[in-house]
Amino acid sequence: IEAANDGIAILSESGRIQSVNDAFVTLFGYDGQESAEGATWHQQLVDPERFELDIQPTVDSQGAWRGELSVDFGSGTTIPVDVSLTALASGPFVCVARDVSDQRAHEQRLTALVEANRTLIEAPDRHAVSEAAVDAVVTILDTDIVCVRLYDDTTNELDRTAISRAASELLQSEVAYDLSASTAGRAFRAGQTVRTESGDDAYSTDTELSGLHIPIGDFGVLSVFSEADEFDRKTVQLVELVSESTRAALVGTEREQRLRTRTAELQQRKEELTATDEVNTLVRDVIRSVLNSSVSRTEVQQQVCDRLVGSDRFDAAWIASVDDDDTVAVEQDAVDPAAFPGQEGFVHSPFANELVRAANSSTKTVVRRRQFE
């Protein structure tokens with residue numbers, strides 16, 4: 001019994017301790033075995049009345065009870081304890097208790113991880129994913145010095161994309177550990193988790209931190225720092241799970257970005273084809289109207305300009321010629337007054353003249369844009 005890791009005690013029918021091992025003494029906060037023996041053990045519980053109302057009646061009727069109780073250490077400090085009570089034939093019963101605070105803490109971390117996964121999946125872009133990953137690690141772990149660095153293939157560097165508040169404050173207040181240091185780069189290049197102990201990966205000579213650098217696939221590195229001597233196995237596994245969820249989220253955002261880009265390209269292509277079709281239709285209508293008319297050259301030119309401006313595609317049109325002295329002479333024009341209020345001389349502007357000269361000296365279609373205020 002003394003060698004057992006679980007707390008074990010022999011209790012009287014009223015709940016007083018008759019015999020106890022050291023693990024039980026430590027678990028329930030007694031000063032020693034002598035102070036524990038004769039004490040009413042359930043008075044250490046957050047809800048001591050539960051023993052008489054629930055536990056003891058169950059032991060009397062069924063011979064055993066098992067459940068989770070909270071031990072009160074005062075000052076608001078409690079720990080969850082898994083307790084098993086078994087009645088003995090002689091009257092007393094055996095109490096076996098185990099501290100399950102680590103197990104409950106791990107379960108809470110897993111619950112937080114599930115919530116973090118949901119947030120990561122819903123993040124719309126790389127920056128939002130990085131911020132969500134940092135928040136997830138801060139929530140799940142006790143440490144709050146966390147950063148995410150994503151790989152920039154144009155500079156071949158790991159750029160710090162998101163950082164926790166504590167890490168940001170540390171960077172402002174101390175000679176900062178370089179967040180692009182070789183440990184993170186080594187983790188990224190090797191595709192494996194890299195640990196550093198206190199003193200090896202420190203922010204400064206006054207602040208010694210242990211480091212944990214976990215690659216996020218081909219996207220970058222998730223780095224966590226702690227004042228603890230080292231990260232335990234469960235902590236490493238949890239951060240690796242966050243890293244994998246972050247990688248999946250980044251894959252999703254990258255896929256969504258490609259899809260949006262492709263959709264925009266298709267829409268632009270569709271608009272270009274629609275515009276081309278409208279222009280071709282307009283050109284055929286103009287040619288048809290000119291061929292079917294018996295008016296003068298000047299009237300034909302005016303009809304062409306009017307038909308172009310009368311469509312939904314153009315606001316101004318003109319037919320001009322260039323003399324030998326590079327002077328632009330406008331033969332016929334049409335301008336939509338609603339599109340260019342107060343711009344009656346639009347076709348005589350320097351921009352229009354330059355456009356005509358450029359078209360006159362080129363064998364190709366000339367397209368230029370004019371910025372209006």
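Report the gain in length on full extension from residue 287 to residue 142: 0.36 nm times residue separation, minus Cα-Cα distance, nm rounded to one decimal.
Full extension from residue 287 to residue 142 adds 44.4 nm.
Evaluate the distance, in nm, between pseudo-label points positioned 7 Å from the Cα of residue 360 and of residue 331 along their respective Cα→Cβ axes.
Inter-label distance under the simple model: 1.3 nm.
Largest first, please: the extent of the C-alpha atoms of region 1-86 along each principal axis, to the nearest Å.
In descending order, the Cα extents are 33, 30, 22 Å.
Select from 223, 243, 296 the residue whose mean-square fluctuation is largest in a Gaussian network model of the chain (Cα-Cα springs shorter than 10 Å).
Looking only at 223, 243, 296, the biggest GNM fluctuation is shown by 296.
Using the beta-carbon distance between residue 154 and residue 236 and R0 = 30 Å, what value does 1/(1 + (r/R0)^6) give for FRET efficiency, to the nearest 0.05?
With a Förster radius of 30 Å, E is 0.40.
Show the residues, 5+ positions off or on another chain, whose built amide H is closer than 5 Å to the amide H of residue 320.
Amide H neighbours of residue 320: 331.
For residue 162, list long-range residues whose amide hydrogen, built 1.01 Å from N in the peptide plane, is under 5 Å from its own amide hydrogen.
Here 148 satisfy the definition.
Could you compute the net charge surrounding residue 25? Neighbours are other residues with a C-beta less than 10 Å from the C-beta of residue 25; K and R count +1, D and E count -1.
-4
Over the chain, give the accessible area per residue in Å² for a 1.4 Å probe, as an integer.
Result: 59 Å² per residue.
Only Lys, Arg, Asp and Glu count, each charged at its Cβ (+1, +1, -1, -1), so figure out the dipole size of region 230-296 about its Cα centre, rounded to 20 debye.
Charge dipole of region 230-296: 180 debye, to the nearest 20.
Karplus couplings for region 67-84 from phi (6.51 cos²θ - 1.76 cosθ + 1.60, θ = phi - 60°), rounded to Hz, Gly and Pro as x?
Rounded to whole hertz, the list is x, 10, 10, 10, 8, 9, 9, x, 6, x, 8, 9, 9, x, 10, 8, 10, 10.
In a Gaussian network model over the chain where Cα atoms closer than 10 Å are linked, find which of 355, 238, 110 has the largest mean-square fluctuation.
Fluctuation is largest for 355.
Of all accessible surface on the chain at a 1.4 Å probe, what whole percent is carbon and sulfur?
46
If r is the Cβ-Cβ distance from residue 322 to residue 278 and R0 is 30 Å, what FRET efficiency results, to the nearest 0.05?
After rounding, the FRET efficiency stands at 0.55.
With +1 assigned to the C-beta of every Lys and Arg and -1 to the C-beta of every Asp and Glu, and no other charges, what is the dipole magnitude of the chain about the Cα centre in debye, to the nearest 20?
1820
Given Cα pairs under 8 Å that are at least 6 residues apart, what percent is the relative contact order of the chain?
Once divided by the residue count of the chain, the mean separation gives 8 percent.
Note down the nm distance, to one decimal, between modelled labels 7 Å out along Cα→Cβ at residue 53 and at residue 227.
About 4.1 nm separates the two model spin labels.
Using a 10 Å cut-off on Cβ atoms, rank the peptides 133-140, 267-274 from the highest mean neighbour count down.
In descending order of packing, they fall as 133-140, 267-274.
Any idea what the alpha-carbon Rg over 2.2 N^0.38 Å comes to for region 1-49?
Details: Rg = 10.1 Å, N = 49, 2.2 N^0.38 = 9.7 Å.
This ratio for region 1-49 stands at 1.04.
Rounded to the nearest 20 Debye, what is the dipole magnitude of region 86-132 about its Cα centre when Lys and Arg each give +1 and Asp and Glu each give -1 at the C-beta? Each step should come with its number before you reach the end.
Details: 5 positive and 7 negative charges, 40 e Å.
Using Cβ point charges on Lys, Arg, Asp and Glu, region 86-132 gives about 200 debye.
Give, as a single signed number, the net charge of other residues whose beta carbon lies under 15 Å from the beta carbon of residue 6, with Lys and Arg counted +1 and Asp and Glu -1.
Around residue 6, the surrounding residues sum to -4.
The values are calculated or read from the model by the stated rules, or taken from the named source; none is laboratory data. All of these numbers come straight from a predicted model, not from anything done at the bench. Because the Cβ atoms are built from the backbone with ideal geometry, glycine has one as well, and the counts that use them run over all protein chains shown. We work out accessible area using only protein heavy atoms, side chains counted, and drop any ligands, DNA or RNA first. Shrake-Rupley method; radii C 1.70, N 1.55, O 1.52, S 1.80 Å.
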